[in-house]
Amino acid sequence: MNLQTPSTVSPSIVLNDLCLGFRLGRNQEKILFEQINGKAYPGELVALIGANGRGKSTLLRCLCGLGAPLRGSLSLDQNDVAYVPSHTPRTRHFAVVDLLATACYHRSDWLGNIGTAEEEKIRQALEQVGLSGFEYRDTAELSDGEFQRVTLAAALVKGSSIIVLDEPTAFLDIANKMVITELLKNLAHQQQKTIVFSTHDLQPALKSCDRIWLMGYDGFYDKRGPEAPLDKLFQDFSISTFF
Amino acid sequence: MTHSNTNFKLPRNQNERPGRRRHAQGLLYGFLGLAIVGLFVLDLYSGTASISLKEVLVTLVGKGSGNALFENILFQFRLPRALTALLAGAALSLCGLQMQTLFRNPLADPYILGISSGSGLGVGVFLMGLSAWGLHSLPSWLTGATTILPAWAGAFLFTALILWASSRLKDNLSLLIFGVMLGSVGSAVISLLQYVSQAEALKNYVLWSMGSFSGTDLSQVGILAGLTLVGIVLSFSNTKNLNVLHLGEQYAISLGLSPKKMRRRILLAVAILAGSTTAFCGPIGFVGIAVPHIARILFRDADHRRLLPATLLTGCCVMLLADCIAQLPGSSGIIPINTVCALLGIPVILMIILKQPE
């Protein structure tokens, strides 16, 4: 684990007193979560943890500009965020390389054809997620773990310095949960990307993450490294869930 | 655990498979191109008057025997008919493909949003409504007009409604429901018109709804060709968007795209293609839904950069073939094009689908 707190680097994400929720009517609103204060730095893997319905997905959607917070501000470059939804539909006979070519949308010609530079980028992204040689495989025939890595590769091909993933390990077996979280850690550390992902898998998250954002029952915790709010996690997941 | 960040280089010969695939696809494009030429000539050859194949060919290149009757039949009837079939096949299959991708639904066809119902309503009001309201003799300025204008007006009206709804509805499913409902409203009004109309008008309407490529002359084919060409270019400009839609709307948004805009562009292309085809030929079923599936099975490729041209060519082939069969070679009758499509086409499709390895 990368233990030194980066003091010289400026944070890539700052959440400043965010209030999440949605408006029901003109003067009505339903608040999901208040007083969210947090930071994340380049090169950090951030796990967003919290029980169902606390607003994890809403927070992630705010990060990438898919939604807006009710109040508060967040500072990050929203054009520099790649978002990986929790579920990406699959299509038969759609090759991996063709899927990744769609991530180059703004750099391809009117038909979506890409140049050799982009092809090289796609090859590199596949190599980084451990799927070298999968270029021409049918995405519908990949395993869930492999397909999850392809969607991650799409985020890499997009080239953003912040990657936001909504429950990337939800449908995977325990081995693949470990593979994906380790992979995210390596990508964050080696390429100095800020990677934020929501998860319910505490074990892999605690093992690999540099920072934990906990949407606990009594507030938002932003803790780095060894200060992981274990006691809070424990309370949150074993006590508040059942009582 | 097999994940790796090792920098091992992919051996070049791993790319052999895509190379083979592209090669096979190239051959298929070539084959389809040749088939279109062959079927086009065959379509010119088939018809009630017997003209030899040789005569057809020499008349086409302008070195005919000077038989005015043959030239008349070829250029006034068969050439417009064959060209209309070609254009309709291309247009409807492209529409079907775009609708299937947009709604992520293999059952979607060009008419799923009610465009044919709109055309039918226009024609129904024109053919049956006038007689129902006691206008047995049409005004003189209308007698020259065919069903093309009312069909086009109806399709245009329904398309406008769909586009209006599309800008207000949030997701594709709501739009699908809106379109299907709109189509049902159109059908209900048509039923009402049928109920109250005279036998002659009713028969004319039923004949229109069976579809025909014979109602067009060369100048009308020119208009249809122009509209279809515009629609085809618009469809091809949707290639990138359609590929993105394979991955869902959230993915599209994450790329900084607006699903509403993408949807509007697809609807516009489909409306121009399906609307004009229906106006000139009536509602032609089956092709729009089946051809994209045939193209996918033939090309084993869901990327629209290859699938769009594949669908276009396959659509031309299928429609020309259906028109040849509709002429009942060797007999003096013709059967409605929709009947041919349904009777001969659907068993073929079912066979292909059942034989798919899974």
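The values are calculated or read from the model by the stated rules, or taken from the named source; none is laboratory data. Just so it is clear, the structure is predicted and the values come from calculations on it, not from any experiment. Cβ atoms come from the backbone with ideal geometry, glycine included; neighbour counts cover every protein chain shown. These accessible areas exclude ligands, DNA and RNA; they are computed on the full protein's heavy atoms, side chains included. Shrake-Rupley method; radii C 1.70, N 1.55, O 1.52, S 1.80 Å.
Data for the structure
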| read-out | value |
| --- | --- |
| First in the stretch A:107-132 and farther than 24 Å from A:E182 by Cα and more than 8 Å from chain B (Cβ to nearest Cβ), second anywhere and buried (at least 19 other Cβ atoms within 10 Å of the Cβ) and of a type in the set (K, R), Cβ under 9 Å, 6 or more apart | A:D109/B:K240; A:I114/A:K121 |
| Flag for B:L79 being farther than 20 Å from B:N238 by Cβ and at pLDDT 85 or above | yes |
| Tally, over the stretch B:278-315, of residues that are open to solvent by less than 10 Å² (accessible area, probe 1.4 Å) and either in a loop (DSSP other than H, G, I, E, B) or at positive phi (or both) | 5 |
| Residue within the stretch A:116-124 that is small (G, A, S) and not in a helix (DSSP H, G or I) present | no |
| Tally of residues being assigned to a strand (DSSP E or B) and over 15 Å from the mean Cα position of the chain (by Cα) across the stretch A:198-219 | 3 |
| Residues (touching a Pro at 6+ places or on another chain (Cβ under 6 Å) and open to solvent by 20 Å² or more (accessible area, probe 1.4 Å)) located in the stretch B:77-112 | none |
| The stretch A:169-195 residues that are away from chain B (no Cβ under 11 Å) and more than 12 Å from A:A47 (Cβ to Cβ), paired with ones that are open to solvent by less than 30 Å² (accessible area, probe 1.4 Å) and of a type in the set (D, E, K, R) (beta carbon under 7 Å, 6 or more apart) | A:T194/A:E44 |
| Filter pass, B:I353 being open to solvent by 10 Å² or more (accessible area, probe 1.4 Å), within 14 Å of the chain's Cα centre (by Cα) and either within 14 Å of chain A (Cβ to nearest Cβ) or under 22 Å from B:Q220 (Cα atoms) (or both) | no |
| Strands (runs of 3 or more DSSP E) (entirely within the stretch A:15-103) containing at least 2 residues that are within 9 Å of chain B (Cβ to nearest Cβ) and at pLDDT 85 or above | A:81-84 |
| Some residue of the stretch B:257-275 being surrounded by fewer than 23 Cβ atoms within 10 Å (Cβ to Cβ), within 10 Å of chain A (Cβ to nearest Cβ) and not in a helix (DSSP H, G or I) | yes |
| Single condition A:T151 does not satisfy, out of (1) open to solvent by 20 Å² or more (accessible area, probe 1.4 Å); (2) polar (S, T, N, Q); (3) in a helix (DSSP H, G or I) | (1) |
| Residue within the stretch A:85-93 that is closer than 30 Å to B:L242 by Cβ, touching a residue at least 60 places away in the same chain (Cβ under 8 Å) and crowded, with 21+ Cβ neighbours inside 10 Å present | yes |
| Residue count for the stretch A:11-51, restricted to those that are without any contact (Cβ under 8 Å) to a residue 24 or more places away in the chain and under 20 Å from A:V196 (Cα atoms) | 1 |
| Residues of the stretch A:26-51 satisfying the condition of being closer than 23 Å to A:D201 by Cα, touching a Leu at 6+ places or on another chain (Cβ under 9 Å) and of a type in the set (A, V, I, L, M, F, W, C) | A:L32, A:F33, A:I36, A:A40, A:L45, A:A47, A:L48, A:I49 |
| Criterion: touching a helix residue (DSSP H, G or I) at 6+ places or on another chain (Cβ under 9 Å) and open to solvent by 10 Å² or more (accessible area, probe 1.4 Å) - qualifying residue of B:L320, B:L344 | B:L344 |
| A:L156 being buried (at least 19 other Cβ atoms within 10 Å of the Cβ), away from chain B (no Cβ under 11 Å) and not charged (D, E, K, R) | yes |
| Matching entry among A:E146, A:E141, A:E182 (being farther than 25 Å from A:D98 by Cβ and open to solvent by 10 Å² or more (accessible area, probe 1.4 Å)) | A:E182 |
